[in-house]
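The values are calculated or read from the model by the stated rules, or taken from the named source; none is laboratory data. Fair warning: this is a prediction, and the values are worked out from it, not measured in the lab. Counting neighbours? That spans all protein chains shown, and the Cβs are built from the backbone with ideal geometry, glycine included.
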Amino acid sequence: MRNTLYTLTLAAIFIFSMGSAEAQQLGRRTQFLTNTYLVNPAVAGTKPYTPIMASYRNQWTGFDQAPTTYTLSGHTSLPNKLGVGGVFFRDDAGGAITNTGMELTGTYKVDLNNEDAVSFGLSAVVGQYRFDNSALTVLDENDPAILGNVESETAFDANFGMMVYGKNYFFGASVPQLLQTKLNLEGFLPDDNQRVRHYMFMGSYLYYLNEDISIQPSALVKFTATSPVQFDFYVRTLYQDSFWASVSYRNNDAVCLGLGMEYGPFVFAYGYDITVSDARAFSPHTHELTIGYLLPRKGSFTSKSLLGPRRLGGRLVK
């Protein structure tokens with residue numbers, strides 16, 4: 001009984017914290033600046049290289065069946081101011097509920113002047129939701145809503161984004177789950193399992209203190225029509241655009257610390273969340289890891305970068 005109540009209490013806290021911030025449907029990303037494409041599809045093709053990035057996030061480390069998220073993404077530019085990208089993802093919400101799928105993106109860029117541009121992106125998303133009733137710990141095993149089987153549903157949706165950017169800054173908005181697809185799972189009404197449209201605003205500015213050291217304040221704001229606003233304030237200090245340390249705060253959730261580096265075309269970033277919400281009673285920390293490869297590309301449609309100049313092979317790429 002004690003273990004059952006413990007599990008149910010965690011589930012209640014998980015539903016409250018995720019529901020109030022992200023409607024229980026989108027995974028969190030502490031190091032969102034390391035791969036902005038995962039936040040806004042308009043980023044695809046806007047960099048003077050082709051980034052191939054993989055990430056892993058373990059929410060509430062140490063707790064059995066804690067939420068985990070895996071992503072593998074890449075994007076590049078095409079002629080005629082076009083860009084393309086793709087994401088493979090798996091989001092495990094704690095053993096009983098998983099969402100596995102992919103996102104395909106197309107973008108179009110419009111030059112505003114010699115220094116600035118705006119990009120528009122649209123993604124098609126397909127995901128398979130899997131609900132394993134047998135993985136639940138319940139008080140009443142005879143509850144007719146818990147059938148002890150596995151249900152799955154494939155859902156199609158779309159993400160839209162817009163981004164204005166220049167050499168050392170960017171800001172924009174995105175709308176994940178644009179179509180608000182309904183899931184037809186057994187035992188539930190369609191309206192009880194509807195994907196919720198989210199609204200995200202992200203911005204950043206890279207300021208050079210001198211030739212070697214720069215500072216980059218950033219922010220990410222998220223909300224839905226039925227949930228409160230959640231914001232991330234993020235600041236990182238960079239050395240020679242190749243090494244960085246960061247600190248950020250996510251309201252009602254965590255204080256986050258991070259380290260990262262680029263070695264030639266390789267990227268490594270690590271984020272550590274110190275939980276400040278009620279969930280700290282079960283686990284005080286979260287780990288997030290990103291690794292990537294920046295493939296140099298000639299003839300890209302833009303010389304602008306969402307992260308300022310980058311060093312590839314010992315030289316700055318403007």
Given the options V235, V164, V196, name the one that is touching a Ser or Thr at 6+ places or on another chain (Cβ under 7 Å), closer than 23 Å to A42 by Cα, touching a residue at least 40 places away in the same chain (Cβ under 8 Å) and of a type in the set (V, I, T). V196
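Conditions (1) at pLDDT 95 or above; (2) surrounded by 20 or more Cβ atoms within 10 Å (Cβ to Cβ); (3) not hydrophobic (A, V, I, L, M, F, W, C), marked per residue:
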{"residue": "W60", "(1), (2), (3)": "no, yes, no"}
{"residue": "H75", "(1), (2), (3)": "yes, yes, yes"}
{"residue": "P79", "(1), (2), (3)": "no, no, yes"}
{"residue": "G85", "(1), (2), (3)": "yes, yes, yes"}
{"residue": "T105", "(1), (2), (3)": "yes, yes, yes"}
{"residue": "V125", "(1), (2), (3)": "yes, yes, no"}
Scan the stretch 205-213 and tell me whether some residue there is surrounded by 18 or more Cβ atoms within 10 Å (Cβ to Cβ) and either of a type in the set (D, E) or part of a strand (DSSP E or B) (or both). no
Answer yes or no as to whether L307 is of a type in the set (A, V, I, L, M), within 19 Å of G74 (Cα to Cα) and either modelled with pLDDT of 90 or more or not in a strand (DSSP E or B) (or both). yes
Cβ-Cβ under 6 Å, sequence separation 6+ or interchain: first residue in the stretch 171-190 and under 15 Å from D157 (Cβ atoms), partner among the basic types (K, R) and modelled with pLDDT of 90 or more. Which pairs? Q177/R197; Q180/R197
How about the stretch 238-258: which of its residues are aromatic (F, W, Y) and under 19 Å from S214 (Cβ atoms)? Y239, F243, W244
Taking the stretch 232-253 as the region of interest, how many residues are surrounded by 17 or more Cβ atoms within 10 Å (Cβ to Cβ), within 30 Å of L178 (Cβ to Cβ), modelled with pLDDT of 90 or more and of a type outside the set (S, T, Y)? 2
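Inspect the stretch 211-222 for any residue being among the polar types (S, T, N, Q) and modelled with pLDDT under 95 and give the result as yes or no.
For the stretch 211-222, residues among the polar types (S, T, N, Q) and modelled with pLDDT under 95: absent.
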